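A.B. asks: I'd like to ask you about the structure that follows.
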Amino acid sequence: MRFTSEQRLDDGSLEREFTLGEIPGILWMPTSAPAPLILLGHPGGLSKMYPRLAGRARHSAANGFAAATIELPGSGDRTRSADAEQARADLHRALAAGEPVDEIVDRLVLPLVEKAVPEWQATLDALLLLPEISGPVGYSGGVIAIGIRLALVEPRIAAAGLFAGSFVPRAMFDEARQVTIPLHVLLQWDDEGNDRQLALDLFDAFGSQEKTLHANMGGHTGVPQFAGDDVARFFVRHLS
């Protein structure tokens, strides 16, 4: 991990950009250390997502947590995947035509999960070597299929706040049944780009004894502020 820049924000937190091999990322540190860590997932395009990620990081810092994010494979300035671009185009076409999408979702999401999860784990390895980060670790937001796989295979993640705003391959429902960490799942009831019933079935499949579904009216980008506040309280309970 190589830090390439840093700036002190007006709330006192420290923002540091880094690279891990070819992977760009950002680390936000609260004013006190060592601190537990929240990994901030997102759908890709780090520069485009920066305002929302920085807002979530500031919220985390106010509760005493460090926060970190990385760019997804094939997004931002990283090398594009022709197969992923084709699958994404096919998905948009099928949704517009009301056609079945399961096979297309598999082509789009499964390769992304296979690439992204080891990168998140390598990032976590590097971050936990820093003296200012102590753990425990949470995962928040992002492509929900990546969160499922991380929650299953990464024992250092103690709790996860997931956003049911992206398609999940049906093959991953078996993985969801093996997830046992505490979960807080956000669902936008009228999400125009997602399958509501699939999201409800996925929540039912999770094997966690503590799991909460927080559903709100509105589209994909209409998550109310108070829903984010509930996620923050969830992490305070499990990471503090």
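The values are calculated or read from the model by the stated rules, or taken from the named source; none is laboratory data. Note that the coordinates shown come from a computational prediction; the quantities given were computed from them, not determined experimentally. In case anyone asks, the SASA skips ligands and DNA or RNA and just uses the protein heavy atoms, side chains included. Shrake-Rupley method; radii C 1.70, N 1.55, O 1.52, S 1.80 Å.
A.B. asks: On average, how much accessible surface per residue is there in the range 1-153, in Å², for a 1.4 Å probe, leaving out ligands, DNA and RNA?
C.D. replies: For the range 1-153, the solvent-accessible area averages 45 Å² per residue.
A.B. asks: Ser134's amide H: which non-local residues (gap 5+, or another chain) put their own amide H closer than 5 Å, with H modeled 1.01 Å from N in plane and none for Pro or chain starts?
C.D. replies: Ala35
A.B. asks: Nearest 10 degrees, 0 to 90: what angle lies between the long axis of helix 144-153 and the longest principal axis of the chain (Cα atoms)?
C.D. replies: Roughly 60 degrees, rounded to the nearest 10.
A.B. asks: Compute the acute angle (0 to 90°) between the alpha-carbon long axis of helix 196-205 and the principal axis of greatest extent of the alpha-carbon atoms of the chain; round to the nearest 10°.
C.D. replies: The answer is roughly 60 degrees.
A.B. asks: State the antiparallel share, in %, of DSSP beta bridges confined to the range 65-218, rounding to the nearest 5.
C.D. replies: Of all bridge pairs located within the range 65-218, approximately 0 percent are antiparallel.
A.B. asks: Shape call for the range 1-97 from the C-alpha gyration tensor, a ≥ b ≥ c root eigenvalues: rounded (a/c under 1.5), prolate (a/b greater than b/c) or oblate?
C.D. replies: Here the range 1-97 falls in the prolate category.
A.B. asks: Can you bin the chain into rounded, prolate or oblate? Criterion: square roots of the alpha carbon gyration tensor eigenvalues sorted a ≥ b ≥ c, rounded for a/c under 1.5, prolate for a/b above b/c, oblate for the rest.
C.D. replies: Prolate.
A.B. asks: Under 5 Å between amide H atoms, partner at least 5 residues away or on a different chain: which partners does His184 have, H built in plane at 1.01 Å?
C.D. replies: Here the answer is Ala160, Gly161, Leu162, Thr212, since their amide H atoms fall under 5 Å of that of His184.
A.B. asks: Okay, next question. If you roll a 1.4 Å probe over the range 4-90 with all protein chains in place, what percent of the accessible area is carbon or sulfur?
C.D. replies: 47 percent
A.B. asks: In sequence order, what are the phi-derived ³J(HN,Hα) couplings for the range 99-116 according to the Karplus relation 6.51 cos²θ - 1.76 cosθ + 1.60 with θ = phi - 60°, rounded to whole Hz, with x for glycine and proline?
C.D. replies: Those phi angles translate into 8, x, 10, 4, 5, 5, 4, 4, 5, 7, 8, 4, x, 5, 4, 4, 7, 6 Hz.
A.B. asks: Could you let me know the centre-to-centre spacing of the range 97-161 and the range 212-234, using Cα atoms, in angstrom?
C.D. replies: Between the Cα centres of the range 97-161 and the range 212-234 lies a distance of 20 Å.
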